[in-house]
Amino acid sequence: MTKRIGIVGVTSEGASLCYSTICSEASKIMGLNHHPEIYLHNHSFHEFLESYNKKGWKGVAGMVTVSIKKLALIGADFIIIPANSVHFAFDEIKKVSPIPVLSIVEIAANECKGKNYKKVGILGIGATMSDGLFNEKLQSYGIEPAIPSKLEQKIVNDTIYNDIVPAKVTAKSVNAIRYPAPKACASS
């Protein structure tokens, strides 16, 4: 029996990318035009931002837990949360969730370990990069997390909030976060 997937959306872009990726990858395994049942719930992103800006991970955990309970009630067998920083609240979320919740940190670190990576770049909103979300897990596998400089973190963070989240990615957005950093960004 195919498992029913619950997606807790944080941003519309992250949730929609997660949804479409599941569908396209499932089609490769299950056959053309086949995918598992997928349920999605999200709060308005501005609600998450209020907690993010204060690093109020208990507030984030509360919102995610509400979503998980709704998704469990309609039949989800497990939960995916396609947003890095939410996982600062993962232990709290997992503790109260009525169904299994996948850890983006655990899955990403295991994938890096499986590919024998020795050093991995960490990108995401400011807290994901600066507060070590992935560091402990990666280091436990002998993988060095590569953290962008403060300037690079600001560029990535601003690009996420100003371009990616509102679905306004342009060539300028892409160039802003390419490595090595464009000269205009590197000298700022």
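What is the diffusion coefficient of region 112-159 in µm²/s, taking the Kirkwood radius over Cα pairs and the Stokes-Einstein relation at 20 °C with a viscosity of 1.002 mPa s? Before the final figure, lay out each step's value.
Details: Rh = 11.0 Å.
The diffusion coefficient I find is 195 µm²/s.
In terms of the Cα gyration tensor, with a ≥ b ≥ c the square roots of its eigenvalues, is region 1-81 rounded because a/c is under 1.5, prolate because a/b exceeds b/c, or oblate? Mind showing how you got there, number by number?
Values: a/c = 3.43, a/b = 1.92, b/c = 1.78.
Since a/c reaches 1.5 and a/b is larger than b/c, the shape of region 1-81 is classed as prolate.
Please work out the average accessible area per residue across the chain, using the 1.4 Å probe convention, and give it in Å².
On the way: 10890 Å² over 188 residues.
So the chain comes to 58 Å² accessible per residue, rounded to a whole number.
Report, to one decimal in Å, the Kirkwood hydrodynamic radius for region 49-101 based on all distinct Cα pairs. Working shown, then result.
On the way: mean 1/r = 0.0896 Å⁻¹.
Result for region 49-101, one decimal place: 11.2 Å.
Counting chymotrypsin sites (Phe, Trp or Tyr not before Pro) as exposed when in a DSSP loop with at most 16 other beta carbons within 10 Å, what is the longest stretch of the chain free of them?
Numbers: sites that count: Tyr117, Tyr141.
Longest stretch, sites excluded: 1-116.
Just round it to a whole percent: the fraction of Cα-Cα distances in the chain exceeding 26 Å.
Values: 6586 of 17578 pairs.
Counting pairs separated by more than 26 Å, the tail of P(r) holds 37 percent.
From zero up to wherever the largest Cα-Cα distance of region 83-174 sits, split into 5 Å bins and tell me the percent of pairs in each.
Pair shares across the bins are 3, 13, 20, 19, 19, 15, 8, 2, 0.
Identify, among Ile107, Met30, Ala15, the residue whose Cα sits farthest towards the positive end of the charge dipole of the chain, taking +1 on the Cβ of Lys and Arg and -1 on the Cβ of Asp and Glu, with the dipole about the Cα centre.
Farthest along the dipole direction, towards plus: Ile107.
For a Förster distance of 30 Å, can you work out the FRET efficiency between the beta-carbons of Leu49 and Glu106, rounded to the nearest 0.05? The partial results should precede the final answer.
Details: r = 25 Å, r/R0 = 0.85.
Calculated value: 0.75.
Over the Cα atoms of region 11-53, each weighted equally, I'd like the Debye log10 I(q)/I(0) at q = 0.16, 0.18, 0.31, 0.33 Å⁻¹, rounded to two decimals.
Log10 I(q)/I(0), no solvent term: -0.52, -0.60, -1.04, -1.10.
Summarise the accessible area of the chain (1.4 Å probe, protein heavy atoms) by the percent that is carbon and sulfur. Display every interim value, and only then the final one.
Values: 6170 of 10890 Å².
Using a 1.4 Å probe with all protein chains present, the chain comes out at 57 percent carbon and sulfur.
Which FRET efficiency, nearest 0.05, do Lys150 and Thr21 yield, Cβ-Cβ r, R0 30 Å?
After rounding, the FRET efficiency stands at 0.45.
Helix-only estimate, please: 222 nm mean residue ellipticity of the chain, summing -39500 (n - 2.57) across DSSP H runs of length 4 or more and dividing by its residues, to the nearest 500.
On the way: 10 runs with 95 residues, N = 188.
For the chain, the value works out to -14500 deg cm²/dmol.
Note the full-extension length gain between Asp158 and Lys69 as 0.36 nm times their separation in residues minus their Cα-Cα distance, in nm to one decimal.
Result for the pair: 28.8 nm of gain on full extension.
Take the residue pairs Lys69/Lys168; Lys70/Lys95; Lys58/Lys115; Lys95/Lys150 and return only those whose Cα atoms are more than 25 Å apart.
Numbers: Lys69/Lys168 32 Å; Lys70/Lys95 16 Å; Lys58/Lys115 34 Å; Lys95/Lys150 33 Å.
Where the Cα-Cα span goes over 25 Å, the pairs concerned are Lys69/Lys168; Lys58/Lys115; Lys95/Lys150.
The values are calculated or read from the model by the stated rules, or taken from the named source; none is laboratory data. Everything quoted here is computed from the prediction, not taken from an experiment. Cβ coordinates were reconstructed from backbone atoms using ideal geometry, including for glycine residues, and neighbour counts include every protein chain displayed. The protein model used for the area step is the full one, side chains on, heavy atoms only, and it has no ligands, DNA or RNA in it. Shrake-Rupley method; radii C 1.70, N 1.55, O 1.52, S 1.80 Å.
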